[in-house]
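Take a look at the structure set out below.
Computed from the coordinates by the stated procedures, all read-outs in this text should not be read as laboratory data. Bear in mind the structure is a predicted one, so any value in this text is a computation, not a measurement. Here the Cβ is made from the backbone with ideal geometry for all residues, glycine too, and neighbour counts use every protein chain on show.
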Amino acid sequence: MPQEHHLDTLVVGTGFSGIYALYHLLKDGLNVEAIEKESEVGGAWWVNQYPGALSDTWSHVYRYSFDKDLLQTYPAARTYSSQPEILAYLKHVVEKHDLRRYMHFNTKMVAAKWDDEAKKWTVQCQTGDVYRVKYLITALGPLVKPSLPDIRGLDTFKGQIVHTSTWDPSIRVEGKRVGVIGVGSSGVQTVTAIASKVKSLHVFIRTPQYSVPANNRPMTPEERQSINERYSQIWSGVMSSAFGMDFHEPTRTLMSVSPQEREEILEKIWQAGNGIQLMFGAFSDVVSDEAANEEVCRFIRKKIAGIVKDPQKRAVLTPREPWNRRPLSDAGYYEQFNRENVYAIDIKKYPITEATPDGLRTADGRLHELDIIINATGFDALDGAYAGIDIRGRNKGEGLRDRWKRAGPDCYFGCAVAGYPNLLMMVGPRTVFGNIPPVVEIQGTFLRKLIRRAEEISAQTGRQCEIEATEHAVQDWTEICNQTAQKIAIGKGNSWMMGRNVPGKVVTSLMFLGGLNAFRGKIEDAQAKGFVGFQSPLGPAEGTARL
Ligand code: NAP
């Protein structure tokens, strides 16, 4: 039976950020519950059950830092955690802290409306349940809405079609003829995991990518002990670094060292593993200097040439663009193309023209016969998660999704939008790009401080203090994000981070690409100056102070 619930706070989503918010807001004494559209906790790590799904940031920093006990005791069997391991970890956190009793599953939020008289949000769910709350915390996740290719005749295909992010665990690829469209993180992991199991694998590649071996290996007891002894030091390093992944980020530029030393440094990281580390941990200017970027591209191209034996496949797999995407890490991706049953299909040269009942046809007239089509085609990132929800703030004429569709997703520090009081986002649009658990902790800490301060002011004045970003702050932050993106390679590439992967989407920096440490500094600075960027009385009296 649908019910009406009255709470202080509703958290929407139970992935990494929703669990964080629920746990901490309960601890802060709020009357808070969470809703989740899926049947289980985990967010991205529940729905992305595709073969080979794995976090490509190290297992010892792909976890919350707030639970000191779990940091020391929770297993880390290998240097990276697979999807089932991360899901098990999140479930464990939920059980350990007895959070499940505050969660409602299969409960999808479809609309939310701000009532300016009552100073409350009314949240409607597809179950018919209604929540009336003071604070609405959306923890929907940054990569949620699949971006699907528009292929003529796809409905005639008689096999299975699936997107990596809505993977159906009952799918069996063994002995099948499988097509994978897309070679971002999801495609690379899928291809690597299934190549040895399928009858044939057709990989449809529009833009080949630079991928670096992850070097996923068992974590030795000695390594684990050393990590445990250094954990507090590791986390302070993580929080003061640009990416948040426990590696040293050098200040040396690529051209400042000799060609031989350059090669040695790159080789060392290639062997140690990880695309993120190669992009940010070798030299300071790989993302900001074109010549440095091209040198690293040249290094990776040489590696690809050394791995892929077939010249035709090698040509399709070798990127020519600058390295301007989210870095990829793999477990032997290029090696899979040395198998006779794995084909690299250049769909930039010969685009997919249609689907038939038997497979996909490309512009050269060839029909690639398939039993399963796997779309590893990415996401309508960040604001895509909000596209299916009708959110109305003070200005009832235009909903949030229309505002964002028209002008791009403006969102102060990835958490607040002008005109939408007490709507607080965890990892919303224009949050920082970095390792997600520390990003969640930075955003969550700020959110708690905002709520605490608003509650204090409300108690002092006897009038409810609202948390609302100013238009100035939202615009300033948009400008800062866009200017920062223009200084680095990713800002110029066709990455989902710029919205360039979805036809018709506003091209803008969907994330702050200036580093987690800089993001944290800006948030702390705004807070120290009296919550600059928020309407008075929470923010400064004039309400328009610039960042
Ligand atoms: P993605 O990086 O956006 O890659 C999508 C791929 O699909 C690209 O190769 C793209 O080609 C191709 N594609 C998209 N639309 C297409 C179309 N209509 N026709 C043909 N090809 C098309 O998406 P993703 O791999 O799902 O990764 C997204 C993000 O999720 C990652 O960057 C990462 O942040 C996160 N992720 C992380 C992990 C992890 O290891 N932690 C794993 C998976 C995902 P073009 O390049 O030509 O557009």
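Before moving on, here are some points about what is shown:
- Entry note: the range 450-547 has Rg to Rh equal to 1.09, where both radii use alpha-carbon atoms and Rh is the Kirkwood radius.
- Distances between placed amide hydrogens fall under 5 Å for Val130 paired with Gln3, Glu4, His5, all partners being 5 or more residues away or on another chain.
- Of the trypsin sites (Lys or Arg not before Pro) found in the range 398-491, the ones in coil according to DSSP and having at most 11 other Cβ atoms within 10 Å of their Cβ are Arg463.
- For Thr445, net neighbour charge (Lys/Arg +1, Asp/Glu -1) across residues whose Cβ lies under 10 Å away: +1
- Peptides 520-530, 371-381, 78-88, 8-18 ordered by average Cβ neighbours within 10 Å, highest first: 8-18, 371-381, 78-88, 520-530
- A straight line joining the Cα centroids of the range 399-417 and the range 206-284 runs 34 Å.
- Mean separation of Cα contacts under 8 Å, 6 or more apart, over the residue count of the chain: relative contact order %: 18 percent
- In the range 211-375, a dipole from Cβ-located charges (positive for Lys and Arg, negative for Asp and Glu) runs towards its positive end, and of Leu367, Gln260, Pro250 it is Leu367 whose Cα lies farthest in that direction.
- Remark: the range 82-89, residue by residue, has Karplus-estimated 3J(HN,Hα) of 7, 3, x, 5, 5, 4, 4, 5 Hz, where x stands for each Gly or Pro and the curve is 6.51 cos²θ - 1.76 cosθ + 1.60 at θ = phi - 60°.
- Legend: calculated FRET efficiency, Ala541 to Glu340, from the Cβ-Cβ distance at R0 = 60 Å, rounded to 0.05, equals 0.25.
- Dipole check for the chain: with +1 at the C-beta of Lys and Arg, -1 at the C-beta of Asp and Glu, and the Cα centre as origin, the magnitude is about 740 Debye.
- Other-chain or far-sequence residues with amide H under 5 Å of Ala34's (modelled H): Val11, Met103, His104
- Simple rule: put +1 on each Lys or Arg Cβ and -1 on each Asp or Glu Cβ in the chain, find the dipole, and look at Leu7, Phe379, Leu90; the Cα lying farthest toward the positive end is Phe379.
- Label-to-label distance for Met239 and Glu369 is 6.0 nm, based on points extended 7 Å past Cα in the beta-carbon direction.
- For the range 41-48, Karplus couplings with θ = phi - 60° (6.51, -1.76, 1.60), whole Hz, Gly/Pro x: 6, x, x, 4, 7, 8, 7, 7
- For the range 144-159, the Karplus equation 6.51 cos²θ - 1.76 cosθ + 1.60, evaluated at θ = phi - 60°, returns couplings of 10, 7, x, 9, 10, x, 9, 10, 4, x, 4, 5, 8, 4, 8, x Hz by residue, with Gly and Pro reported as x.
- Other residues lying with their Cβ under 10 Å from the Cβ of Gly175 contribute a combined charge of +3, Lys and Arg counting +1, Asp and Glu -1.
- Per-selection Rg to Rh, the chain - Cα, Kirkwood hydrodynamic radius: 0.97
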